[in-house]
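The values are calculated or read from the model by the stated rules, or taken from the named source; none is laboratory data. Note that this is a predicted model, so its numbers are computed, not measured. Every residue, glycine as well, gets a Cβ built from its backbone with ideal geometry; the counts of neighbours run over all protein chains shown. The protein model used for the area step is the full one, side chains on, heavy atoms only, and it has no ligands, DNA or RNA in it. Shrake-Rupley method; radii C 1.70, N 1.55, O 1.52, S 1.80 Å.
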Amino acid sequence: MLESAMIRRAATDLEPAQIAELRAHLKDEEAAIRRTDVSGRTRLLADFHVVIAGMLGNAVLAGMIGELVSRSSLIALMYQSAHSAEHSFEEHVAIVDALEKRDTRAAARLMESHLHHVEQNLRLQPRFPDLAAALRPQ
């Protein structure tokens with residue numbers, strides 16, 4: 001919900017210089033992915049969302065997004081594949097393209113799809129195949 005509202009506002013409010021900053025951030029993401037810098041790519045892919053929130057000048061929103069991102073970054077660091085990271089980067093590029101065009105609907109649709117893909121692509125393999133059985137008293 002937060003990111004959908006944030007990206008809609010970004011599509012109308014971001015200035016060309018801010019879009020250029022996002023493009024520079026994308027270059028950093030791509031470089032980290034290409035050099036197989038797992039911790040760097042994880043940080044940069046997550047920071048993309050915080051950077052946009054910060055650009056809107058809303059410290060409360062940026063703080064909330066930052067908190068959510070920091071909680072999910074550890075999971076991404078542990079479970080996100082290189083292929084999924086590259087896919088996230090490509091989705092970030094598409095989102096910035098939509099922001100640059102001021103296409104509110106496309107930006108929101110792309111962000112929602114992106115967040116769904118990030119969640120879907122984490123290869124979470126439970127430690128216990130049957131959690132209920134593992135927690136059942138013996």
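Is it fair to say Ala46 is in contact with a helix residue (DSSP H, G or I) (Cβ under 9 Å, 6 or more places away or on another chain), over 24 Å from Ile19 (Cβ atoms) and open to solvent by less than 50 Å² (accessible area, probe 1.4 Å)? Outline the logic, then answer.
Values: in contact with a helix residue (DSSP H, G or I) (Cβ under 9 Å, 6 or more places away or on another chain): yes; over 24 Å from Ile19 (Cβ atoms): no; open to solvent by less than 50 Å² (accessible area, probe 1.4 Å): yes.
So Ala46 fails the test.
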* Structure fact -> In the stretch 12-32, anything open to solvent by 30 Å² or more (accessible area, probe 1.4 Å), in contact with a helix residue (DSSP H, G or I) (Cβ under 7 Å, 6 or more places away or on another chain) and either more than 22 Å from Ala76 (Cα to Cα) or among the β-branched types (Val, Ile, Thr) (or both) is listed as Thr12, Gln18, Arg23
* Is there a residue in the stretch 51-68 that is closer than 16 Å to Asn121 by Cα and in a helix (DSSP H, G or I)? -> no
* Restricting the stretch 75-110 to residues that are in a helix (DSSP H, G or I) and of a type in the set (Lys, Arg), which is least open to solvent (accessible area, probe 1.4 Å)? -> Arg109
* Structure fact -> Checked the stretch 33-43 for anything open to solvent by 20 Å² or more (accessible area, probe 1.4 Å), assigned to a helix (DSSP H, G or I) and either hydroxyl-bearing (Ser, Thr, Tyr) or closer than 15 Å to Gly66 by Cα (or both); matches are Ser39, Arg43
* Asked: In the stretch 8-24, is there at least one residue being more than 15 Å from the chain's Cα centre (by Cα), assigned to a helix (DSSP H, G or I) and modelled with pLDDT under 95?
  -> no
* To do: State whether one or more residues within the stretch 50-59 are open to solvent by 80 Å² or more (accessible area, probe 1.4 Å) and either under 14 Å from the mean Cα position of the chain (by Cα) or of a type outside the set (Gly, Ala, Ser) (or both).
  => no
* Please name all residue pairs, on different chains or six or more residues apart, with Cβ atoms under 8 Å, provided the first residue is in the stretch 101-121 and is at pLDDT 90 or above and the second residue is exposed (fewer than 13 other Cβ atoms within 10 Å of the Cβ) and not charged (D, E, K, R). => Arg102/Thr12; Thr104/Thr12
* Do we have any residue at all in the stretch 55-64 that's of a type in the set (S, T, N, Q) and either in contact with a helix residue (DSSP H, G or I) (Cβ under 8 Å, 6 or more places away or on another chain) or touching a residue at least 40 places away in the same chain (Cβ under 8 Å) (or both)? -> no
